[in-house]
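Take a look at the structure set out below.
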Amino acid sequence: MLKDFSWDMTGYIPKYNMEPSANGLSEYLAERIFQLEPEPPKVDSINEYILSALREKNLIYFSFFLHHYELQLNKRIKSFLGVDGRDPYNTERFLDIKLSCRELMLQKLTDYDPDKGAEYATYIYPFIRDAMLRFRMGEEAWSVSSLSNYKLIRSMAWLYHNTKDAVNEFARKYNCDLALAEEYLKVARGIRNQQSLYVMDEDGEETGEDVALDDSWNYTDILWNGIQAEKVRRAFEKLNYREQTLLEKRLEICMTCGRVGSWKNRHTFEELAIMFEGSTASGAERAYRKAVDHLTELLVSEGALHAVLLKQTSKTTRKKKIAAAVYEYQVDYDGEWGEISFDFKNGTAKIVRLADWDTMKTNRFANRAIQHILSLPSEDLPRNKFIPLE
């Protein structure tokens, strides 16, 4: 426990001013929050700081360690974010993960035994990885009882995607019965399209391979639900042959039976263009996007999904940048349109009028529209957009 430790930073201050600007803390500062002024006393190895912290029960030495270790920690978090797939680089999320790692490093400090031969940076590495996984586990739309189960599900996802018999391979690897392996397969298969699912390789390291089927929207999670599957089948049958073919070949999925093929085998837009003579790759991509939009509209009418439609009605430009815009929004292609006013200079939005079917208490659909538009660069705002929701 650290209750007997002191943490007196007298004589040291943060090297950089961490006051956020109107746009929040910059990426440059987020990567330097542990830097100190003046420079900590020089040592032959930064592990000496950890030994001093344990010996003198003074966490100022832990701060000295962080000062030198920060660059390595940044690289590890960026590597994690590089395979995460959910967001581009986000300063606030980066900082949250970084502080979670620091908290874990503090918790494990007194457990470190230098007599076992490993330096603290080596000892703490797997715990840092667990801290990042635990952070993301808390973010994700699906949840499990523990980090251990979370890792097992991801391991099953890797086996499902890369082996012919995932159940037997999982049972052999973890020395469990086939029934338990089947349960893990059911969970992994059910969540793999609820959001991006980056998995563990055979050595327990996370890979950059996403076993989800599409980075924008897909329907496999629905297909594994018996009630929703019938709705999907009915909606799919209302598409024309070209739309059906584009969706099945691009997503590598049978939309009527639920069979999911390897993501590696999906057709490229060039290959789809060849299937429909006279089309180009860009034309095939546009046709595919229209097919997705059409299927979404049909799924909404079947009650399998919700959707928010956005339509830009005006915008204000200052110095060639969009400073403000007004969007109308509609819920489920039905009812009166609502209106939302955006102030991009301050990163804020105001609901001027609620659309039909939105809720007075939570403004669920309006808030989802606001989150989406504010996440986009102001110079790349769509004139029309739909956002599917489960």
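Results, tabulated for the structure shown:
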quantity: The one condition in (1) in contact (Cβ under 8 Å) with a residue 12 or more places away in the chain; (2) outside any strand (DSSP E or B) that residue 283 fails to fulfil; calculated: (1)
quantity: Filter result for residue 366 (small (Gly, Ala, Ser) and touching a helix residue (DSSP H, G or I) at 6+ places or on another chain (Cβ under 6 Å)); calculated: no
quantity: Condition met for residue 340 (in contact (Cβ under 8 Å) with a residue 40 or more places away in the chain and not assigned by TED's automatic domain parsing to the domain that holds residue 244); calculated: no
quantity: Residue 357, sole failed condition from (1) under 24 Å from the mean Cα position of the chain (by Cα); (2) under 27 Å from residue 239 (Cβ atoms); (3) modelled with pLDDT under 80; calculated: (1)
quantity: Residues within the stretch 321-345 that are of a type in the set (Phe, Trp, Tyr) and part of a loop (DSSP other than H, G, I, E, B), tallied; calculated: 2
quantity: Filtered residues of the stretch 338-368 (kept if β-branched (Val, Ile, Thr), touching a strand residue (DSSP E or B) at 6+ places or on another chain (Cβ under 9 Å) and under 14 Å from residue 308 (Cα atoms)); calculated: 340
quantity: Candidate set: the stretch 297-316, residues that are at pLDDT 85 or above and of a type in the set (Ser, Thr, Tyr); chosen: the one farthest from residue 231 (Cα to Cα); calculated: 316
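Yes/no matrix, rows are residues, columns are (1) at pLDDT 80 or above; (2) within 16 Å of residue 188 (Cα to Cα); (3) buried (at least 17 other Cβ atoms within 10 Å of the Cβ):
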residue: 73; (1), (2), (3): yes, no, yes
residue: 85; (1), (2), (3): no, no, no
residue: 100; (1), (2), (3): yes, no, yes
residue: 113; (1), (2), (3): yes, no, no
residue: 138; (1), (2), (3): no, no, no
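The values are calculated or read from the model by the stated rules, or taken from the named source; none is laboratory data. As the structure is a prediction and not an experimental result, all values here were calculated from the model. Every residue, glycine as well, gets a Cβ built from its backbone with ideal geometry; the counts of neighbours run over all protein chains shown.
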